[in-house]
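The values are calculated or read from the model by the stated rules, or taken from the named source; none is laboratory data. It should be emphasised that the depicted structure is a prediction, and the values quoted were computed from it without experimental measurement. Cβ coordinates were reconstructed from backbone atoms using ideal geometry, including for glycine residues, and neighbour counts include every protein chain displayed.
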Amino acid sequence: MQYTNIISTTVNGVNTILINRPKKLNALNSDTINELQIAMSRANEDKDIKIVILSGSGEKAFVAGADISEFADFDVEEGKYLAADGQHKLFDFIETLSIPVNGFALGGGLELAMACHFRIASDNAKMGLPEVSLGVIPGYGGTQRLPQLVGKGRAMEMIMTANMITANEAREYGLVNYVTTQEDLLSFTTKIALRIITNSSVAITAAIKAINANFMDGINGFNIEINEFGNCFGTNDFKEGTQAFLQKRKAKFPGN
Ligand code: COA
């Protein structure tokens, strides 16, 4: 498929998806959300892709939020549909990604970043959930994921004030793991991606499932961990990992 709003490239198992609407600060319109969903589904199904890095093109922004011009005249039902559709289609779907945040990540941009497994920001990044300044609240999971990452008090303050925080504040809050210069952002992120993909992809998938279970209502994460831990013993990755350790060599995981 030919994309118009994103650019997807894969090198050495690392799939980089660049949101490419720099003139609109990469704001998420519905076409971009659809293309991201398709690109992520493909990455998920492609055995040669081990990790996805999501970034934004241009000097200024990762993503400046949902595209305000698309929903400014929506009514209540359309507003509900917009949030539900986006959440189900994309935000809840993102399961295997790491992410650099480059420039502004506001509203839906920060929500997209927060749906990923961890975030790396360039030192010019500013992050916030400014929705209450538009008369609306975050609708792509922001009220749920922000408190998980920064704690309830800080999330309340960020959402109520609609203020932006700097990359260094975001690191202090636990919202991003690292801050790099703009020039180093992708190379630093790729280095971490390449480190991750030396490990067992089957075990990493199991770990993501178990960690995410910690945040699901009505699910006992310890039981999920026991189950996923046990399942690992039936995989070729486990056989290879343990044999390699005993034979004092580096493991070459088959990924199954
Ligand atoms: N939706 C639609 N268009 C957006 C957008 C958004 N979320 N964010 C930026 N744009 C567009 C602007 O309308 C402008 O388009 P134009 O050149 O055709 O007029 C272009 O991107 C550049 O933005 P501009 O506001 O001129 O840049 P700036 O550097 O002065 O300000 C921001 C940058 C990010 C502070 C500002 O654009 C902003 O506040 N954006 C909205 C953020 C937001 O509220 N997001 C949550 C939405 S739910």
TODO: Filter the stretch 87-116 down to residues that are more than 10 Å from the ligand (Cβ to nearest atom) and either of a type in the set (A, V, I, L, M, F, W, C) or modelled with pLDDT of 95 or more (or both), then give me how many there are.
DONE: 12
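Go through LEU54, LEU28 for me and flag whichever is surrounded by 15 or more Cβ atoms within 10 Å (Cβ to Cβ) and either free of Cβ contacts under 8 Å to residues at least 60 places away in the same chain or touching a helix residue (DSSP H, G or I) at 6+ places or on another chain (Cβ under 6 Å) (or both).
Working: LEU54 fails: either free of Cβ contacts under 8 Å to residues at least 60 places away in the same chain or touching a helix residue (DSSP H, G or I) at 6+ places or on another chain (Cβ under 6 Å) (or both).
Unique residue meeting the criteria: LEU28.
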- [ ] Count, please, the residues in the stretch 3-25 that happen to be among the hydroxyl-bearing types (Ser, Thr, Tyr), over 23 Å from GLN87 (Cβ atoms) and in contact (Cβ under 8 Å) with a residue 12 or more places away in the chain.
- [x] 3
TODO: Answer yes if at least one residue in the stretch 133-148 is aliphatic (A, V, I, L, M), over 25 Å from GLU59 (Cβ atoms) and away from the ligand (no atom under 11 Å from the Cβ), and no otherwise.
DONE: yes
TODO: Might you let me know whether the stretch 136-144 holds any residue that is surrounded by fewer than 14 Cβ atoms within 10 Å (Cβ to Cβ) and closer than 30 Å to GLY79 by Cβ?
DONE: yes
Open item on the list: What's the total number of residues in the stretch 58-81 that are surrounded by 19 or more Cβ atoms within 10 Å (Cβ to Cβ) and either without any contact (Cβ under 8 Å) to a residue 60 or more places away in the chain or farther than 19 Å from VAL132 by Cα (or both)?
Closed with: 5
- [ ] Name every residue in the stretch 188-202 that is within 17 Å of the chain's Cα centre (by Cα) and of a type in the set (Gly, Ala, Ser), in order of residue number.
- [x] ALA193
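Counting just the residues of the stretch 157-167 that are of a type in the set (A, V, I, L, M) and surrounded by fewer than 18 Cβ atoms within 10 Å (Cβ to Cβ), which one comes out farthest from the ligand (Cβ to nearest atom)?
Just the residues of the stretch 157-167 that are of a type in the set (A, V, I, L, M), to begin with: 158-160, 162, 164-165, 167.
When the remaining residues are screened for being surrounded by fewer than 18 Cβ atoms within 10 Å (Cβ to Cβ), the result is 160, 162.
Details: MET160: 15, ALA162: 8 Å.
Looking at the filtered set, the residue picked out is MET160.
Given the residues ILE99, ILE68, ILE137, which is the only one that is among the β-branched types (Val, Ile, Thr) and in contact with a strand residue (DSSP E or B) (Cβ under 6 Å, 6 or more places away or on another chain)?
From the options ILE99, ILE68, ILE137, the qualifying one is ILE99.
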- [ ] Among the candidates ARG154, ARG195, single out the residue that is among the charged types (D, E, K, R), in contact (Cβ under 8 Å) with a residue 12 or more places away in the chain and away from the ligand (no atom under 15 Å from the Cβ).
- [x] ARG154
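Regarding the stretch 210-227, can at least one residue be identified that is within 21 Å of VAL150 (Cα to Cα), surrounded by 15 or more Cβ atoms within 10 Å (Cβ to Cβ) and touching a residue at least 12 places away in the same chain (Cβ under 8 Å)? Walk me through it before giving the result.
Within the stretch 210-227, the first condition is being within 21 Å of VAL150 (Cα to Cα), and the residues that meet it are 210-217, 221.
Keeping just the survivors that are surrounded by 15 or more Cβ atoms within 10 Å (Cβ to Cβ) gives 210, 213, 221.
Okay, now just the ones that are also touching a residue at least 12 places away in the same chain (Cβ under 8 Å), so 210, 213.
Taking every residue of the stretch 210-227 in turn, at least one turns out to be within 21 Å of VAL150 (Cα to Cα), surrounded by 15 or more Cβ atoms within 10 Å (Cβ to Cβ) and touching a residue at least 12 places away in the same chain (Cβ under 8 Å).
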- [ ] Run LEU18 past the list (1) in a helix (DSSP H, G or I); (2) under 19 Å from ALA64 (Cβ atoms); (3) more than 16 Å from the ligand (Cβ to nearest atom) and report the number of the one that doesn't hold.
- [x] (1)
TODO: Test ARG119 against the criterion of being more than 16 Å from the ligand (Cβ to nearest atom) and buried (at least 22 other Cβ atoms within 10 Å of the Cβ), and give yes or no.
DONE: yes
- [ ] For the stretch 39-46, state whether one or more residues are loosely packed, with under 15 Cβ neighbours inside 10 Å, touching a residue at least 12 places away in the same chain (Cβ under 8 Å) and within 12 Å of the ligand (Cβ to nearest atom).
- [x] no
